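Beneath this line is the structure, given in C-alpha coordinates, with notes to follow.
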Amino acid sequence: MIKKGDQTRAEIIDSARKIFSVKGYSATTMKDFCEETGLSRGGLYRHFSSTKEIMIAMLDSDIINSRIQIENVISSGMSPKEVLRLLLEDQKEIIKERGGDLELAMYEFCKSEKDQEHYINNRFTSSAEIIKGILKYGQERNEFVDCDANETAKRIIFLLEGIRISSSIMNLSEELLEEQVNGIFKMVVKL
(Lines give C-alpha, C1' and ligand atoms only; values in the text may rest on other atoms or scores of the structure.)
Protein backbone atom coordinates (compact mmCIF):
# COMPACT_ATOMS: atom_id res chain seq x y z
CA MET A 1 0.00 0.00 0.00
CA ILE A 2 1.30 3.44 -0.94
CA LYS A 3 1.61 5.89 1.93
CA LYS A 4 -0.16 9.22 1.56
CA GLY A 5 3.17 11.08 1.87
CA ASP A 6 4.71 9.00 -0.94
CA GLN A 7 1.65 9.60 -3.10
CA THR A 8 1.80 13.36 -2.49
CA ARG A 9 5.51 13.39 -3.29
CA ALA A 10 4.82 11.51 -6.55
CA GLU A 11 2.10 14.00 -7.45
CA ILE A 12 4.50 16.89 -6.89
CA ILE A 13 7.12 15.23 -9.09
CA ASP A 14 4.51 14.55 -11.77
CA SER A 15 3.39 18.19 -11.71
CA ALA A 16 7.04 19.22 -12.08
CA ARG A 17 7.13 17.96 -15.67
CA LYS A 18 4.28 20.28 -16.59
CA ILE A 19 5.43 23.31 -14.61
CA PHE A 20 9.08 23.17 -15.70
CA SER A 21 7.99 22.58 -19.33
CA VAL A 22 5.84 25.70 -19.29
CA LYS A 23 7.90 28.08 -17.13
CA GLY A 24 11.44 26.78 -17.42
CA TYR A 25 13.61 26.15 -14.39
CA SER A 26 14.60 29.65 -13.26
CA ALA A 27 11.11 31.17 -13.50
CA THR A 28 9.45 28.36 -11.55
CA THR A 29 8.64 29.03 -7.90
CA MET A 30 7.39 26.96 -5.01
CA LYS A 31 4.18 28.98 -5.28
CA ASP A 32 3.69 27.47 -8.76
CA PHE A 33 3.76 24.01 -7.19
CA CYS A 34 1.28 25.04 -4.50
CA GLU A 35 -1.10 26.34 -7.16
CA GLU A 36 -0.71 23.28 -9.41
CA THR A 37 -1.03 20.65 -6.67
CA GLY A 38 -3.41 22.46 -4.32
CA LEU A 39 -0.98 21.99 -1.45
CA SER A 40 -0.37 24.66 1.15
CA ARG A 41 3.13 26.06 1.42
CA GLY A 42 3.67 24.00 4.57
CA GLY A 43 2.36 20.88 2.84
CA LEU A 44 4.74 21.37 -0.06
CA TYR A 45 7.72 22.14 2.19
CA ARG A 46 7.12 18.89 4.11
CA HIS A 47 8.27 17.11 0.95
CA PHE A 48 10.66 19.53 -0.76
CA SER A 49 12.54 22.61 0.38
CA SER A 50 13.18 24.10 -3.06
CA THR A 51 12.51 23.88 -6.78
CA LYS A 52 16.05 22.52 -7.06
CA GLU A 53 15.10 19.52 -4.90
CA ILE A 54 11.97 18.96 -6.99
CA MET A 55 13.96 19.05 -10.24
CA ILE A 56 16.50 16.56 -8.85
CA ALA A 57 13.72 14.23 -7.68
CA MET A 58 12.03 14.45 -11.10
CA LEU A 59 15.24 13.67 -12.98
CA ASP A 60 16.02 10.73 -10.68
CA SER A 61 12.47 9.44 -11.00
CA ASP A 62 12.55 9.59 -14.81
CA ILE A 63 15.67 7.44 -15.07
CA ILE A 64 14.51 4.89 -12.49
CA ASN A 65 11.07 4.58 -14.09
CA SER A 66 12.51 4.19 -17.59
CA ARG A 67 14.91 1.49 -16.47
CA ILE A 68 12.20 -0.45 -14.62
CA GLN A 69 9.77 -0.15 -17.52
CA ILE A 70 12.27 -1.46 -20.08
CA GLU A 71 13.45 -4.28 -17.78
CA ASN A 72 9.84 -5.39 -17.25
CA VAL A 73 9.09 -5.36 -20.96
CA ILE A 74 12.26 -7.34 -21.80
CA SER A 75 11.61 -9.88 -19.01
CA SER A 76 8.10 -10.42 -20.41
CA GLY A 77 9.73 -11.90 -23.51
CA MET A 78 8.50 -9.20 -25.87
CA SER A 79 10.25 -9.10 -29.23
CA PRO A 80 13.26 -6.75 -29.29
CA LYS A 81 11.72 -4.97 -32.30
CA GLU A 82 8.59 -4.33 -30.26
CA VAL A 83 10.62 -3.14 -27.26
CA LEU A 84 12.46 -0.65 -29.47
CA ARG A 85 9.23 0.41 -31.17
CA LEU A 86 7.62 0.94 -27.74
CA LEU A 87 10.55 3.10 -26.59
CA LEU A 88 10.50 5.16 -29.79
CA GLU A 89 6.73 5.62 -29.64
CA ASP A 90 7.10 6.80 -26.06
CA GLN A 91 9.74 9.30 -27.16
CA LYS A 92 7.48 10.48 -29.98
CA GLU A 93 4.66 11.13 -27.51
CA ILE A 94 6.99 13.03 -25.20
CA ILE A 95 8.14 15.18 -28.12
CA LYS A 96 4.56 15.84 -29.26
CA GLU A 97 3.29 16.45 -25.72
CA ARG A 98 5.86 18.86 -24.40
CA GLY A 99 8.47 19.09 -27.10
CA GLY A 100 11.90 20.02 -25.90
CA ASP A 101 10.63 22.49 -23.33
CA LEU A 102 11.32 20.14 -20.42
CA GLU A 103 14.71 19.34 -21.95
CA LEU A 104 15.50 23.06 -22.11
CA ALA A 105 14.45 23.46 -18.46
CA MET A 106 16.79 20.61 -17.54
CA TYR A 107 19.69 22.29 -19.36
CA GLU A 108 18.80 25.58 -17.69
CA PHE A 109 18.86 23.78 -14.31
CA CYS A 110 22.31 22.31 -14.96
CA LYS A 111 23.70 25.65 -16.15
CA SER A 112 22.26 27.70 -13.28
CA GLU A 113 23.00 25.14 -10.55
CA LYS A 114 26.71 24.55 -11.16
CA ASP A 115 26.85 21.78 -8.56
CA GLN A 116 24.28 19.83 -10.59
CA GLU A 117 25.97 19.74 -14.01
CA HIS A 118 26.60 16.03 -13.48
CA TYR A 119 22.87 15.38 -14.01
CA ILE A 120 23.23 15.85 -17.76
CA ASN A 121 26.06 13.31 -17.83
CA ASN A 122 24.21 10.89 -15.54
CA ARG A 123 21.04 11.16 -17.62
CA PHE A 124 22.98 10.57 -20.83
CA THR A 125 24.87 7.60 -19.39
CA SER A 126 21.75 6.02 -17.89
CA SER A 127 19.74 6.50 -21.09
CA ALA A 128 22.57 5.04 -23.17
CA GLU A 129 22.75 2.01 -20.85
CA ILE A 130 19.01 1.40 -21.27
CA ILE A 131 19.23 1.56 -25.07
CA LYS A 132 22.42 -0.50 -25.10
CA GLY A 133 20.55 -3.20 -23.18
CA ILE A 134 17.75 -3.17 -25.77
CA LEU A 135 20.27 -3.36 -28.62
CA LYS A 136 22.12 -6.29 -27.05
CA TYR A 137 18.79 -8.03 -26.43
CA GLY A 138 17.94 -7.56 -30.13
CA GLN A 139 21.32 -8.84 -31.23
CA GLU A 140 21.02 -11.92 -28.99
CA ARG A 141 17.63 -12.66 -30.56
CA ASN A 142 19.07 -12.01 -34.04
CA GLU A 143 16.57 -9.22 -34.75
CA PHE A 144 19.06 -6.33 -34.78
CA VAL A 145 22.08 -5.72 -36.97
CA ASP A 146 25.51 -6.51 -35.65
CA CYS A 147 26.88 -3.19 -34.40
CA ASP A 148 28.71 -1.75 -31.44
CA ALA A 149 25.74 -1.52 -29.04
CA ASN A 150 27.47 1.06 -26.85
CA GLU A 151 28.33 3.47 -29.68
CA THR A 152 24.97 3.00 -31.41
CA ALA A 153 23.10 3.67 -28.15
CA LYS A 154 24.99 6.95 -27.78
CA ARG A 155 24.09 7.94 -31.36
CA ILE A 156 20.42 7.18 -30.72
CA ILE A 157 20.45 9.30 -27.56
CA PHE A 158 22.00 12.23 -29.43
CA LEU A 159 19.47 11.87 -32.26
CA LEU A 160 16.51 11.80 -29.88
CA GLU A 161 17.93 14.69 -27.87
CA GLY A 162 18.39 16.74 -31.03
CA ILE A 163 14.81 16.05 -32.10
CA ARG A 164 13.48 17.04 -28.66
CA ILE A 165 15.45 20.28 -28.59
CA SER A 166 14.52 21.13 -32.19
CA SER A 167 10.86 20.56 -31.42
CA SER A 168 10.98 23.32 -28.80
CA ILE A 169 12.00 25.96 -31.31
CA MET A 170 10.50 24.80 -34.61
CA ASN A 171 7.20 23.41 -35.74
CA LEU A 172 8.01 19.74 -36.16
CA SER A 173 5.43 18.08 -38.40
CA GLU A 174 4.03 14.66 -37.57
CA GLU A 175 5.52 13.35 -40.83
CA LEU A 176 9.02 14.64 -40.09
CA LEU A 177 8.90 13.25 -36.56
CA GLU A 178 7.71 9.86 -37.86
CA GLU A 179 10.45 9.89 -40.52
CA GLN A 180 13.16 10.51 -37.92
CA VAL A 181 11.87 7.87 -35.50
CA ASN A 182 11.59 5.33 -38.32
CA GLY A 183 15.16 6.19 -39.33
CA ILE A 184 16.37 5.22 -35.87
CA PHE A 185 14.37 1.98 -36.03
CA LYS A 186 15.77 1.08 -39.49
CA MET A 187 19.29 1.88 -38.31
CA VAL A 188 19.35 -1.16 -35.99
CA VAL A 189 16.60 -3.59 -37.01
CA LYS A 190 17.25 -6.35 -39.53
CA LEU A 191 14.73 -5.80 -42.29
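Close Cβ contacts (under 7 Å, 6 or more residues apart or on different chains) running from residues in region 174-191 that are touching a residue at least 40 places away in the same chain (Cβ under 8 Å) to residues that are outside any helix (DSSP H, G or I) comprise Val188/Phe144; Val188/Val145; Val188/Cys147; Val189/Glu143; Val189/Phe144; Lys190/Glu143; Lys190/Phe144; Lys190/Val145. Among the residues of region 138-187, those identified as over 21 Å from the mean Cα position of the chain (by Cα), assigned to a helix (DSSP H, G or I) and buried (at least 17 other Cβ atoms within 10 Å of the Cβ) are Gly138, Gln139. Selection of first residues in region 49-66 that are under 21 Å from Thr29 (Cβ atoms) and of second residues that are polar (S, T, N, Q), restricted to Cβ pairs under 6 Å at least 6 apart or on distinct chains, gives the following pairs, ordered by first then second residue: Thr51/Thr28.
For the structure I just gave you, tell me whether Ser112 is surrounded by fewer than 16 Cβ atoms within 10 Å (Cβ to Cβ), touching a residue at least 40 places away in the same chain (Cβ under 8 Å), among the hydroxyl-bearing types (Ser, Thr, Tyr) and within 30 Å of Phe33 (Cα to Cα). So Ser112 passes the test.
Checked against the criteria, Arg67 does not count as modelled with pLDDT under 95 and touching a His at 6+ places or on another chain (Cβ under 9 Å). In summary, Ala105 fulfils each of the numbered conditions (1) surrounded by fewer than 17 Cβ atoms within 10 Å (Cβ to Cβ); (2) farther than 27 Å from Val73 by Cα with the single exception of condition (1). Total residues in region 107-137 satisfying the condition of being within 17 Å of the chain's Cα centre (by Cα), among the aromatic types (Phe, Trp, Tyr) and farther than 16 Å from Leu159 by Cα: the figure is 3.
The values are calculated or read from the model by the stated rules, or taken from the named source; none is laboratory data. The shown structure was predicted, so the numbers you read here are calculated from the model rather than taken from an experiment. No Cβ is skipped: glycine too gets one built from the backbone with ideal geometry, and neighbour counts run over all protein chains shown.
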